[in-house]
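The values are calculated or read from the model by the stated rules, or taken from the named source; none is laboratory data. None of the values given here were measured: they were computed from a predicted structure. We place every Cβ from the backbone using ideal geometry, glycine too, and count neighbours over all the protein chains shown. For the accessible areas, the whole protein counts, side chains as well, though only heavy atoms, and no ligand, DNA or RNA atoms are used. Shrake-Rupley method; radii C 1.70, N 1.55, O 1.52, S 1.80 Å.
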Amino acid sequence: DLQRRIRHSVYLGGLSVRETSPEVAYFLCIAALESIFQVETDKYVNPGIAQQVVESFCYLIVDEPNRRRVFDQMKPFYRKRSAVAHGGKTEVTVEDVHLVRSYLRAAILKMIDDPILSKMVTPKELAEKVQDMKFGVKEAEQ
């Protein structure tokens with residue numbers, strides 16, 4: 001399942017590169033990041049998805065000294081994404097597209113190359129890894 005999601009992210013990222021509208025290119029990159037990091041707990045989008053994707057990216061892809069800076073850069077991603085998705089007023093710049101595309105590229109490459117992440121099979125495994133990094137490794141249930 002995770003490999004399928006990574007392939008889909010590559011596809012969406014490729015569409016983003018060919019897209020001439022910055023808003024649509026940006027939206028495609030955010031959707032690609034969601035494809036990798038979102039763990040579906042409900043069929044409907046909720047505000048927790050934004051936090052889940054950003055936290056997963058920061059914990060799994062970004063080295064610790066840069067994590068806060070990247071987190072702060074990614075916070076506006078979902079506000080802009082929602083405005084594009086729902087017809088709200090927003091301005092997505094070419095720089096915004098380049099930033100989100102660079103983060104997508106980093107995520108895909110790390111998911112493929114990292115000796116631990118590349119062996120994970122399901123999005124749930126990724127979510128568990130994030131929980132371990134945030135709160136410590138879960139004790140074995142008896």
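By the Cα gyration tensor, the range 20-131 has an equivalent ellipsoid whose semi-axes, rounded to whole angstrom, run 23, 16, 13 from largest to smallest.
The portion of the accessible surface of the range 1-101 made up by carbon and sulfur, rounded to a whole percent, is 53 (1.4 Å probe; DNA, RNA and ligands excluded).
For the chain, the longest principal axis of the C-alpha atoms and the axis of helix 2-18 are separated by about 20°. Considering only Met120, Met74, Met111, the Gaussian network model of the chain with Cα springs below 10 Å gives its largest mean-square fluctuation to Met120. Going by accessible surface with a 1.4 Å probe and the largest first, Leu99, Leu12 read Leu99, Leu12.
3J(HN,Hα) along the range 73-84: 5, 7, 3, x, 3, 6, 4, 5, 4, 5, 4, 5 Hz, from the Karplus curve 6.51 cos²θ - 1.76 cosθ + 1.60 with θ = phi - 60°, whole Hz, x for Gly and Pro. In this rough spin-label picture, where each label sits 7 Å from Cα along the Cβ direction, the Phe135-Glu19 distance is 3.4 nm. Residues in the range 29-142 average 62 Å² of solvent-accessible surface per residue, probe 1.4 Å, ligands and nucleic acids excluded.
For the chain, the longest principal axis of the Cα atoms and the long axis of helix 22-37 meet at an angle of about 10 degrees. Counting heavy atoms of the protein chains alone, Phe27 has an accessible area of about 70 Å² for a 1.4 Å probe. Accessible area per residue (1.4 Å probe, heavy atoms of protein chains only) ranks Lys138, Lys80 as Lys138, Lys80, with the largest value leading.
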